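What follows is one structure encoded as structure tokens, with my remarks underneath.
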Amino acid sequence: MDSVTAIPDLDEARFAFVDAVRRHEPALISGLYSPGARVVAPGTDVLRGRDEVVAYWGAGMDTGMTRVELVPEDVELLPAMAWEVGRYALLVEPEPGVELVDRGRYLLIYRLDDGRWTRAAEMFAPDLPAPTPGREP
């Protein structure tokens, strides 16, 4: 993987999200998103606005999500927005001693809101095995 130049403000925004999940505090996630944020996640309709986004992440935490890892592979900083493409790992512990890992790629668009970077839009694409010919997906 190519190294990505660190952008301290975006690194801080990314860490705040990862930390909120680790601490199991969905309320902290609310302030990390722009008011009209959009999230495209597998198996859901497009999530619109902070309330839906916080409810989504809160439900994940309630079902055992314990940690998220975000590894940026490409980042571009523009005057009032930035985008980031990378790999993620979501760790879920549905019951004690059982850990599941969902890995994939993500696209994250930040927006500069009142001098700080907030998450304006994001999309997750899990790494799924390729379909077997002749079998239903």
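The values are calculated or read from the model by the stated rules, or taken from the named source; none is laboratory data. Since the model is a prediction, treat every value here as computed from it, not as a measurement. Please note: Cβ atoms are built from the backbone with ideal geometry, for glycine as well, and neighbour counts cover all protein chains shown. Side chains included, ligands, DNA and RNA excluded: accessible areas come from the protein's heavy atoms. Shrake-Rupley method; radii C 1.70, N 1.55, O 1.52, S 1.80 Å.
Before moving on, here are some points about what is shown:
- Matching entry among PRO131, PRO79, PRO137 (being open to solvent by 90 Å² or more (accessible area, probe 1.4 Å), modelled with pLDDT under 95 and within 18 Å of PRO8 (Cβ to Cβ)): PRO79
- Taking the listed residues VAL68, VAL92, the one that is touching a Gly at 6+ places or on another chain (Cβ under 7 Å), surrounded by 15 or more Cβ atoms within 10 Å (Cβ to Cβ) and β-branched (Val, Ile, Thr) is VAL92, with no other qualifying.
- Index of the failed condition, ARG105 passing every other in (1) at pLDDT 95 or above; (2) open to solvent by less than 70 Å² (accessible area, probe 1.4 Å): (2)
- Here ARG111 meets each of (1) open to solvent by less than 60 Å² (accessible area, probe 1.4 Å); (2) over 27 Å from PRO129 (Cα atoms) with one exception, condition (1).
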